[in-house]
Amino acid sequence: MQFEQILRDFHIHFSSVGPKCRQGWINLRCPQCHKDPYLGYNLAKRYTHCWNCGSIPLWTVLRDLTQLRPQQIFDLIGELPRDEIVSISHTGKLELPYGVEELGRDHQEYIRDRRLSPLEISRTWKVKGIGQHGSHRWRLFIPVEQRGEVVSWTTRSIISGKEPRYLSARPDQSKVPIENCLYGVSRTHHSVCVVEGPIDTWTIGPGAVAILGLRTSPSQLEQLSRFPVRYICFDREEEAQRRARKLRDDLSVFPGKTANILLEAKDPGSASREEINHIRGLLRK
Ligand SMILES: [Zn+2]
């Protein structure tokens, strides 16, 4: 089934020609901000975008437009050609930043300050260090794997207050663009706990996957939707919790269970052993 057909079936007004329309897009009233015709559906690349709200996942749009129950929306999405939901673009060849070597003393100290073991982090997550040279100096080198293969990377500054904290591979330096990757996905089983950054993943351990940024890409959402049990554990502050609730809503249209975990601590990195063990327990179930 095509997107236009869904709109027709639900008697939703749309246009693809006219003064307010861009060529190659289907235009309609945005179900989130109600501006008309601000929402566009890109015919070639098959994604939805609002001039006002920005990128909105296709399933969120369908949920808001059709008011169907989650299972019915899931069926509707299932009928769409697969690349209509997500497109993973394979880009360049993997290119590492200059100066990647074993963890130095300062890198190890940074990891220890986060109550983690440098040996464990380098063994399990293959984290390395970048020393005093190059544009990525004094950073942790964090490889991003998909199906056991390194496809991209990010780096974390070990100098406190240094911005940007994370400096990641560009698409042309990655086999898979980093925004399409879930950090830690190679070490998951039945359940996942979605976190914000790699350090949260290390703290919780296998089963925790990081979205590596502020927003969840359609490709990441699609990968998360395949897990039958999904927990979300973002930082405690309001803005992060707003994003956590949005992600929970986006995932709730898929079969399975989605739950938001609100920590007592400000983030997983500063959570008590007890809280972390509780999450680990949930992931083992
Ligand atoms: Zn909008």
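All of the numbers you see were taken from the coordinates with simple rules; none came from a lab. These numbers were taken from a predicted model, which means no experiment stands behind them. Positions of Cβ are backbone-derived with ideal geometry, glycine not excepted, and every protein chain shown enters the neighbour counts.
Just to be sure I understand: with springs between alpha-carbon atoms less than 10 Å apart, which residue in Ser55, Ser160, Ser225 has the highest mean-square fluctuation in the Gaussian network model of the chain?
Ser160
Based on DSSP, what percent of beta bridges with both residues in the chain are antiparallel, to the nearest 5?
70 percent
If I model a spin label at His133 and His278 as a point 7 Å from the Cα along the Cα→Cβ vector, what separation in nanometres do I get?
It is 4.8 nm.
Please name which of Cys53, Pro70, Cys33 has its Cα lying farthest along the dipole of region 30-81 towards the positive end, using unit charges on Cβ (Lys, Arg +1; Asp, Glu -1) and the Cα centre as origin.
Of the options given, the answer is Cys53.
Take the alpha carbon atoms of region 7-66, find their center, do the same for region 219-238, and report the distance between the two centers in whole angstrom.
If you average the Cα positions of each part, the centres end up 25 Å apart.
Using a Cα distance threshold of under 26 Å, what count of lysine pairs results for the chain when pairs must be 8 or more residues apart or interchain?
Counting lysine pairs in the chain gives 21.
Binned at 10 Å from 0, what are the whole-percent values of the Cα-Cα distance distribution for the chain, short to long?
For the chain, the pair-distance distribution reads 6, 26, 31, 22, 11, 3, 0.
Mind checking the dipole of the chain: about its Cα centre, +1 per Lys or Arg Cβ, -1 per Asp or Glu Cβ, Debye to the nearest 20?
Here the chain has a charge dipole of around 160 debye.
When Lys and Arg each count +1 and Asp and Glu each count -1, what net charge do the other residues less than 9 Å away from Leu212, Cβ to Cβ, add up to?
-2
Obtain the nm distance between the two label points defined at Asp64 and Ser160 by a simple spin-label model: each point lies 7 Å from its Cα along the Cα-to-C-beta direction.
Each label point is offset 7 Å from its Cα along the Cβ direction, giving 4.2 nm.
For each of Leu94, Leu224, Leu182, count neighbouring Cβ atoms within 10 Å of the residue's Cβ, then give the residues from fewest to most.
So the residues, fewest neighbours to most, are Leu94, Leu224, Leu182.
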